[in-house]
Amino acid sequence: VNDLPSRAESDGIAQYMAKLDRRWEVIQEEKKQSLDLNVSDPNKLQQEVIAIMECLRESARSVQRDREGKWGDAKSLQRLVDHLLDSSTTAERFANAIRSGDKKKASESFASLAKQCKSCHEKYRDNR
């Protein structure tokens, strides 16, 4: 009988961000094809956005497990976690707007999420 491991290693923030980036490319391509996010398969787009939301949440969990001080002191670490969770909330609003067919809110959420990603990258990724 194979026993389940008592502990499993999870991906780190870099792996989650790589997954997120691939999903983001799909969304950007959809947006390019249809400027108002009037996509042919809204369920697929919503699934991509939900996957982004989950990557952001898992990234926050990954950062919270940092015991080496990679993200600075406790205050800096908490700011990064808050930023990731705020972005996850924006992604959730984006997914809900897609599901409800509200193109205006979907477009606004897309723009807001892009802005949040850029801001986080400037503070954390691009300066590491």
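The values are calculated or read from the model by the stated rules, or taken from the named source; none is laboratory data. The shown structure was predicted, so the numbers you read here are calculated from the model rather than taken from an experiment. A quick note on method: Cβ atoms are made from the backbone with ideal geometry, for glycine too, and the neighbour counts reach across all protein chains shown. Please note that ligands, DNA and RNA were not included when accessible areas were found on the heavy atoms of the full protein model with its side chains. Shrake-Rupley method; radii C 1.70, N 1.55, O 1.52, S 1.80 Å.
Taking a straight Cα-Cα cut-off under 17 Å and skipping sequence neighbours fewer than 8 places away in the same chain, the lysines within cross-link reach of Lys104 are Lys31, Lys32, Lys115.
The value obtained for region 22-105, namely the Cα convex hull volume divided by the number of residues, is 90 Å³ per residue.
Summarise the accessible area of region 15-91 (1.4 Å probe, protein heavy atoms) by the percent that is carbon and sulfur.
46
For region 85-91, backbone phi angles converted through the Karplus equation (6.51, -1.76, 1.60; θ = phi - 60°) give residue-by-residue couplings of 5, 4, 5, 4, 5, 5, 4 Hz, Gly and Pro being listed as x.
Placing unit charges on the Cβ atoms of the charged side chains and taking the dipole of region 21-128 about its Cα centre, the candidate lying farthest along the positive direction among Val49, Ala91, Gln78 is Gln78.
With +1 assigned to the C-beta of every Lys and Arg and -1 to the C-beta of every Asp and Glu, and no other charges, what is the dipole magnitude of the chain about the Cα centre in debye, to the nearest 20?
So the dipole magnitude of the chain works out to roughly 280 debye.
Placing +1 on each Lys and Arg Cβ and -1 on each Asp and Glu Cβ, with no other charges, gives region 61-113 a dipole about its Cα centre of roughly 140 debye. Go ahead and estimate [θ] at 222 nm for the chain from helices alone: -39,500 (n - 2.57) per DSSP H run with n ≥ 4, summed, over the residue count, rounded to 500. -24500 deg cm²/dmol, from helical runs alone. Sequentially through region 12-21, phi angles give Karplus couplings (6.51, -1.76, 1.60; θ = phi - 60°) of x, 4, 4, 5, 5, 5, 5, 4, 4, 4 Hz, Gly and Pro residues having no value and appearing as x. Can you tell me the 0 to 90 degree angle between the C-alpha axis of helix 103-120 and the longest principal axis of the chain, rounded to 10? Rounded to the nearest ten degrees, it is 30.
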